[in-house]
Amino acid sequence: SGKEESGKVKSEELNIAIITFGLFLLVPYVITHWLMYRRTTWKVTGGARAVMQENLLRKYLSQDEARSFAPTTFFLDSFGHDVGDLVVNGYNKLFAVAKSFGRLVCAFALTLFYAVEASMQKKVYLAFMGLLPFLALPIVIFIVLLVRRDKNLKALEAVQDAEDAMLTKVDKSTDCYRMVADMDTRTLVVSDCLQDIMSLNANLATFAGLMANNRSAVHWVTEALIFLWIAIAGHAVASSLNADEDSKEMDLGTFLAILNLIKSNGAEFENLSEVWLSLQTNYPSLWNLVMLMNVNSDMEARIAQQSERLDDSHMASGSKADDLVGGVFPEDALLLELEDVSFSYPGQDLSRSMTPAQEEAHEKFRRKHSRSRSFGDL
């Protein structure tokens, strides 16, 4: 019949809509996988590391010899560890910050749209409480970063000092292996290094606990907002169960929708807080690189000296380097004239160490080249 045909058509349309919706859910994962694969060829991390290390090495090799050099161990640690840490956990985190801000902007627009729609159509003004995470959590993140900054950096500095002490002692032990083996002090050296290892582990545990507390601050505020929403909106839902449709303060659908929005928005702010904490812990590495990049350099003095020499050469030759043929410097075009050139071997008689055949060959060579006028032939 006509009703069965129309029902069949609607069923096929529903199946097509469900399949299409499922395919759309796969699109973000396909794009994400493609981006994760392609970003390995963009040279973002490697390019930034190469540029930073190249300039750091050039700056270190151009230090002013009249001043004290930066310690070699400090430079090597910064050249390897600090540069890698700053690029991976500092520079790359800027993309994560941009991603979090983009998602938060979309979440804010969606939450605001739903709250306005609920207030206009259902007269539910409590839906604007879904915007509470955008008002409270940025302030909490700012306070955590500001208040915990010094404590975070001190704990990180303790970890780095313990790690440096451990690596220094292990490096000396391996360099002096022959002495350690000959004096049979292996047990003593290992026990001494073990104390530094345990000290490093203790500092790492302290730092990890501190960072765990920092990350939990935003989560606790999010849970407090969820509890506040459940307490206020839940009472409105309970009082609206037996009320008329026009007098309902809050329906169950709106209550659950706003609850999910608060949870998801809080999770986004937690990710943003973790990124900012990671950026804050890169401050020591950044400071070390800034110190090395600002060491005293004699590059300006050497450039000025070279320019002065070139100017003197130009004045002496009366020509410019662009007009010279066969060379870059003016000295290449100057004529070379030698007068009364002689040399000798004091206390050496070459004729005594030569055979008659060698003396004859030497005499022929001297006669052949006696009239040479160039410095190269001489």
Solvent-accessible area of Ile143, probe 1.4 Å, all protein chains present, reported in Å² to the nearest ten, please.
90 Å²
Under a point-charge model restricted to the Cβ atoms of Lys and Arg (+1) and Asp and Glu (-1), what is the dipole moment magnitude of segment 146-244 relative to its Cα centre, in debye to the nearest 20?
240 debye
From the Cα centre of segment 96-163 to that of segment 197-240, the distance in Å is 13 Å
Would you tally the net charge around Met166, using a Cβ to Cβ cut-off of less than 12 Å, leaving Met166 out, and scoring K and R as +1, D and E as -1?
-4
Express in whole angstrom the spacing between the alpha-carbon centres of segment 36-62 and segment 248-267.
46 Å
Listed residue (Tyr177, Ala96, Leu112) projecting farthest to the positive dipole end of segment 95-254, Cβ model
Leu112
Rg/Rh for segment 69-176, where both radii come from Cα atoms and Rh is the Kirkwood radius
1.28
Among Val189, Phe134, Phe75, the residue whose Cα sits farthest towards the positive end of the charge dipole of segment 62-216 (+1 at Cβ of Lys and Arg, -1 at Cβ of Asp and Glu, taken about the Cα centre) is Phe134
Taking Ser344, Ser173, Ser285 and ranking on accessible area (1.4 Å, protein atoms only), highest first, one gets Ser344, Ser173, Ser285
So how much accessible area does Leu104 have, in Å² to the nearest 10, using a 1.4 Å probe?
10 Å²
Greater than 24 Å apart at Cα, pairs in Lys93/Lys169; Lys99/Lys263; Lys93/Lys154:
Lys93/Lys169
Backbone HN-Hα couplings from phi across segment 164-171 [Karplus 6.51/-1.76/1.60, Hz, Gly and Pro as x]
5, 5, 5, 5, 5, 5, 5, 4
Residue order for Tyr125, Tyr29 - accessible surface, 1.4 angstrom probe, largest first:
Tyr29, Tyr125
Estimated vicinal HN-Hα couplings, Hz - segment 27-34 in sequence order (Karplus 6.51, -1.76, 1.60; Gly, Pro = x):
4, x, 5, 5, 5, 5, 5, 5
Please state the charge dipole magnitude for segment 126-175, taken about the Cα centre, from unit charges on C-beta atoms (+1 on K and R, -1 on D and E), reported in debye and rounded to the nearest 20.
340 debye
Would you kindly find the accessible area of His33, with a 1.4 Å probe and non-protein molecules such as ligands, DNA and RNA excluded, rounding to the nearest 10 Å²?
130 Å²
Where Tyr283, Tyr114, Tyr60, Tyr177 fall by accessible area, highest first, once all protein chains stay in place (1.4 Å):
Tyr177, Tyr283, Tyr114, Tyr60
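The values are calculated or read from the model by the stated rules, or taken from the named source; none is laboratory data. Every value quoted in this text rests on a predicted model; they were computed, and no experiment measured them. When we count neighbours, we look across all protein chains shown, and the Cβ atoms used for this are built from the backbone with ideal geometry, even at glycine. Just so you know, the surface numbers come from the protein's heavy atoms only, side chains and all, with ligands and any DNA or RNA stripped out. Shrake-Rupley method; radii C 1.70, N 1.55, O 1.52, S 1.80 Å.
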